[in-house]
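The values are calculated or read from the model by the stated rules, or taken from the named source; none is laboratory data. Remember, predicted model here, so these are calculated numbers, not experimental data. Note that we place each Cβ from the backbone using ideal geometry, even for glycine, and neighbour counts take in every protein chain shown. These area figures cover heavy atoms from the full protein model, side chains too; ligands, DNA and RNA do not enter into them. Shrake-Rupley method; radii C 1.70, N 1.55, O 1.52, S 1.80 Å.
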Amino acid sequence: MKVLDMIIIGLTGSMGTGKTTVSDFFKRKGIKVVDADDISRSLAKKGSPLLGVLEERFGPGVISNDGSLDRKKLASIVFANEGMLRELNAIMHPRIIDEIKGHIARLEAAGETIIVLDAPLLLETGLDELVDLVLLVTCDSKIQIDRIMARDGATHAEAEMRLAHQMSQEEKKKLADFILDNSGTLDELEASVDDFLESLEVGGN
């Protein structure tokens with residue numbers, strides 16, 4: 001691999017695969033992570049003018065009594081209607097991308113040698129154009145369904161419906177530069193992350 005002064009890693013994976021766990025491993029190792037989901041939540045935080053846009057399009061039910069975004073209600077609406085999901089993405093993605101570019105530029109200016117862009121829709125939204133390589137987290141499909149059900153309190157059918165709106169793991173594998181299989185233990189996953197980092201050549205000339 002060519003030695004680089006700085007590298008941007010695009011971290012992605014379908015829901016339930018353990019992408020967030022891998023992201024946490026990077027953070028614990030002192031690597032800066034730009035989290036697309038965190039940016040999305042910040043953009044739609046209580047008091048944001050964006051909430052008015054979402055309420056107008058998806059109805060007053062998506063705003064809780066305390067004025068915050070009811071994410072579960074919004075998810076139940078858009079995951080049941082592909083057209084509405086596309087509309088939500090059209091509203092959110094340009095704003096998220098602009099914020100991501102700003103975060104990356106600031107980290108580059110600060111001299112970071114490795115930056116991780118953690119984005120579940122990295123490949124679907126073209127964010128992979130901002131990174132040097134794509135690191136995909138995968139797992140067994142049954143384990144994936146079980147994790148979604150346990151994490152979100154979703155039924156088996158609801159978990160399958162959510163996954164149906166994402167690019168399949170097999171499609172993502174074709175576009176990834178590196179793949180981490182998270183079907184085993186946390187220790188095995190962290191060892192795979194360490195092996196991946198050791199394979200990188202960053203900071204030389």
- Note on the structure: So, over other residues within a Cβ distance under 12 Å of L121, counting Lys, Arg +1 and Asp, Glu -1, the net charge is -2
- the chain, dipole about Cα centre (Lys/Arg Cβ +1, Asp/Glu Cβ -1), debye to the nearest 20: 660
- Quick numbers on the stretch 87-205, Rg and Dmax over C-alpha atoms in Å, give 16.5, 52
- Task: Would you mind checking which residues have amide H under 5 Å from L180's amide H? H placed 1.01 Å from N; only 5 or more apart, or other chain.
- Result: L136, V137, T138
- Message: In whole percent, and with a 1.4 Å probe on the protein chains, what portion of the accessible area of the chain is carbon and sulfur?
- Response: 50
- Can you give the helix-only mean residue ellipticity at 222 nm for the chain, where every DSSP H stretch with n ≥ 4 adds -39500 (n - 2.57) and the sum goes over all residues, rounded to the nearest 500 deg cm²/dmol? -16000 deg cm²/dmol
- Rounded accessible area per residue of the stretch 48-205, 1.4 Å, Å²: 55
- Item | Where labels lie 7 Å past Cα in the beta-carbon direction, separation of R41 and S64 in nm | 1.2
- Past the 26 Å Cα-Cα mark, which pairs from K142/K173; K19/K73; K27/K172; K46/K173? K46/K173
- Note on the structure: The set of residues whose placed amide H lies less than 5 Å from the amide H of I7, leaving out same-chain residues fewer than 5 positions away, is I114, I115
- Message: Calculate log10 I(q)/I(0) of the stretch 1-54 for q = 0.15, 0.17, 0.19, 0.28 Å⁻¹, where I(q) comes from the Debye formula with a single equal point scatterer on each Cα and nothing for solvent.
- Response: -0.62, -0.74, -0.83, -1.10
- Task: Could you tell me what percent of the DSSP beta bridges with both partners in the chain are antiparallel, to the nearest 5?
- Result: 5
- Query: What do you get for Rg/Rh over the chain if you use C-alpha atoms and the Kirkwood form of Rh?
  - Reply: 0.98
- Ratio Rg/Rh [Cα only; Rh per Kirkwood] for the stretch 1-117: 1.04
- Query: When N counts the residues of the stretch 60-109, how does its alpha-carbon radius of gyration compare numerically with 2.2 N^0.38 Å, as a ratio?
  - Reply: 1.49
- Message: Please compute the length gained on full extension between D5 and A110, using 0.36 nm multiplied by the number of residues separating them and subtracting their Cα-Cα distance.
- Response: 36.5 nm
- Item | V53-D177 FRET efficiency (beta carbon distance; Förster radius 30 Å; 0.05 resolution) | 0.25
